[in-house]
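Worksheet: one structure, shown below.
What follows draws every value from the coordinates through simple rules; no lab data is involved. Source: prediction; values computed, not measured. All Cβ positions, even for glycine, are placed from backbone atoms using ideal geometry, and neighbour counts span all protein chains on display.
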Amino acid sequence: MAKAEKKKKFQMPHIYVILFTFSALAAIATYFVPAGEFERVPGPDGRETVDPNSFTQIESSPVGIIDFLTVIPRGLIDAGEIVFFTFIVGGMFMVLRTTGIIEIIVDRLANKFAKRSILLIPILTTVFAVVATLIGTPELSLVYIPVIMPLMIALGYDSVVAAGIALMGTVIGFTAGVLNPINVGLSQKIVGLPTFSGIELRIGLFAVILTVGILFLMRYAKKVQQDPIRNSLVYEEDAEKRELYKHQDDIEVRSMNTRQKLGSIAALLFLVALVYGVLGHSWFMVEMAGLFIFMGIVVGLISGLNATEISEAFTMGFREVLMGAIIIGLARSVAVVLEDGQIMDTIVNSLGSVVGELPSVLGAVGMFLAQLAINFIIPSGSGQALVTMPIMGPLADIIGVTRQTAVLAFQVGDGFAHILFPTSGYFMAALVIAGVSWQKWIRFYLPVFLVLSGIGIVTLIFAQFVQWTG
């Protein structure tokens, strides 16, 4: 028996342990990695970028014990926008559940798609991907997940399918960046290319990776629907959701009363306002969170809840996403350590130098790998572009890679990893809203990540071979 216990299969540590370990390793690195910095200069659209020729080593400032004690609280403060957005989404959605609107809508949709439910996966994934490839903002997956989760559960799928549709759809669209101002538009401005030039290759890439992503999702979803006990990665975790959103064909679907119908119309109007704000006025998490607070209050009152019931529903929603808020702060603490120790610029400069030593045929692939590594410490499309593209643009000229290809290397190196590394705040928040642990997500996503990255590398080699200039 003792031997059998010892032979237990390896279990991934708790996400708190993983992120704390990353922060500790980053702190240790500040004692060995030389401190350095680039000068910041005005960049496109008034944003600050780096001067690629200005890197200098500076006096070392390793992170001591006292400083390390504060990195998690400071990580929570720095990531406060995402933390509170997560709370508000959880609270607002709980109010909608309390009104009964969600359950009724889910039952109706489940009835309608009962015999062709698999079609919802390509439809929803494509819609989310198209939105992301046109406007960016993969963070909208935080809104998509609670909306589609009940339907996916009712149709016999699991939380991983719901999270996969939202996260993979948005990140595939974001990565391809057909008309994405956040990664393609900004990086092309930085390296001096016409904005959105080279669109034909990006459209082709978008079509290929979207098809691969959809096929992968459908394959997993079919397996779960056929035998959820054996094939679902989150069967036990989804037990409460299955009970809450279960769909029974032999029971007549309830109809909404007048107040619930009016509440549904109000919720739809708030979503229209959300789209208008994001597209027309560049709303982000603070503005969206404010809108969701009022959405919960107004829809709750119209649907028949009193003030106390709305308040208690918000509190219940906050509790459900509490762990996610802490995870976001822990993830941000890694970057806080690297910034305190002033080694983030050193890491970026070193990776750029390594790429510069590669043969020209491998230069684009080297850029991809460098951007992939940097994404771990700078999990932001625009942030990574502002730090790396002023370096990668001139470096591309030196090693014989076109600047258009350098931008593509940034896209695929930055994009797919947005939903891989636990240092990505919005991604970890999305997993918590979905009720999927990072460890379970990695088991699901890592194979398709490797396939998508392989497609990206093949595209880069092709671009390098034809000396793609757009």
Classified through the alpha carbon gyration tensor (a ≥ b ≥ c as square roots of its eigenvalues; rounded if a/c is under 1.5, else prolate when a/b is larger than b/c, else oblate), segment 104-229 comes out prolate
The Cα extents of segment 88-163 along the principal axes, largest first and rounded to whole Å, are 32, 32, 18
Extend 7 Å from the Cα of VAL41 along its Cα-to-C-beta direction; within segment 373-410, residues with backbone N under 20 Å of that point are 383-399, 403-404, 407
Reduced to Cα centres, the span from segment 61-113 to segment 262-324 in Å works out to 13 Å
Across all Cα atoms of segment 373-428, Rg and the largest Cα-Cα distance (Dmax), in Å, are 11.9, 38
Placing each pseudo-label 7 Å from Cα in the direction of the beta carbon, ILE398 and ASP51 end up separated by a distance in nanometres of 1.7 nm
Stretched fully, the stretch from LEU215 through HIS14 gains (0.36 nm per residue minus C-alpha distance, one decimal, in nm) 69.3 nm
If every Lys and Arg gets +1 and every Asp and Glu gets -1 at its Cβ, then about the Cα centre segment 166-278 yields a dipole, in debye to the nearest 20, of 300 debye
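Per residue and in Å³, how big is the convex hull formed by the alpha-carbon atoms of segment 222-331?
Once divided by residue count, the hull of segment 222-331 is 185 Å³.
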Ranked from fewest to most other Cβ atoms within 10 Å of their own Cβ, ILE135, ILE209 fall in the order ILE135, ILE209
For LYS440, counting only aspartates and glutamates whose alpha-carbon sits under 16 Å away and dropping same-chain residues fewer than eight positions off, the answer is ASP158, GLU236, GLU237, ASP238
Taking the alpha-carbon centre of each part, the distance from segment 145-216 to segment 413-442 in Å is 15 Å
Label model pair VAL272, ILE77: point-to-point distance (7 angstrom along the Cα→beta-carbon line) in nm is 4.3 nm
Listed by chain and number, the residues whose amide H is under 5 Å from that of THR49, excluding neighbours fewer than 5 places away on the same chain and using placed H, are VAL41, GLY43
Treating only Lys and Arg (+1) and Asp and Glu (-1) as charged, each at its beta carbon, one finds that segment 10-465 has a dipole about its Cα centre, in Debye to the nearest 20, of 1400 debye
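Using a Förster distance of 30 angstrom, determine the FRET efficiency expected from the C-beta separation of THR469 and GLU357, and round it to 0.05.
Working: r = 24 Å, r/R0 = 0.81.
Plugging the Cβ-Cβ distance into 1/(1 + (r/R0)^6) gives 0.80.
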The helix 322-340 Cα axis meets the longest alpha-carbon principal axis of the chain at an angle in degrees, between 0 and 90 and rounded to 10, of 10 degrees
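Going by a ≥ b ≥ c, the root eigenvalues of the Cα gyration tensor, does segment 155-305 fall in the rounded group (a/c under 1.5), the prolate group (a/b larger than b/c) or the oblate group?
The shape class here is oblate.
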Dipole check, segment 10-465, charges on Cβ (K,R +1; D,E -1), about Cα centroid: among TYR245, PHE462, LEU372 the Cα furthest to the positive pole belongs to TYR245
The helix 120-135 Cα axis meets the longest alpha-carbon principal axis of the chain at an angle in degrees, between 0 and 90 and rounded to 10, of 40 degrees
Burial-style ranking of 14-26, 329-341, average other-beta-carbon count within 10 Å with highest first, yields 329-341, 14-26
With R₀ set to 22 angstrom, the calculated FRET efficiency between the beta-carbons of VAL451 and ILE203, to the nearest 0.05, is 0.65
Of 217-223, 425-431, ordering from highest average Cβ density within 10 Å down gives 425-431, 217-223
Nearest 10, in degrees from 0 to 90: the angle of helix 403-415 to the longest Cα principal axis of the chain is 40 degrees
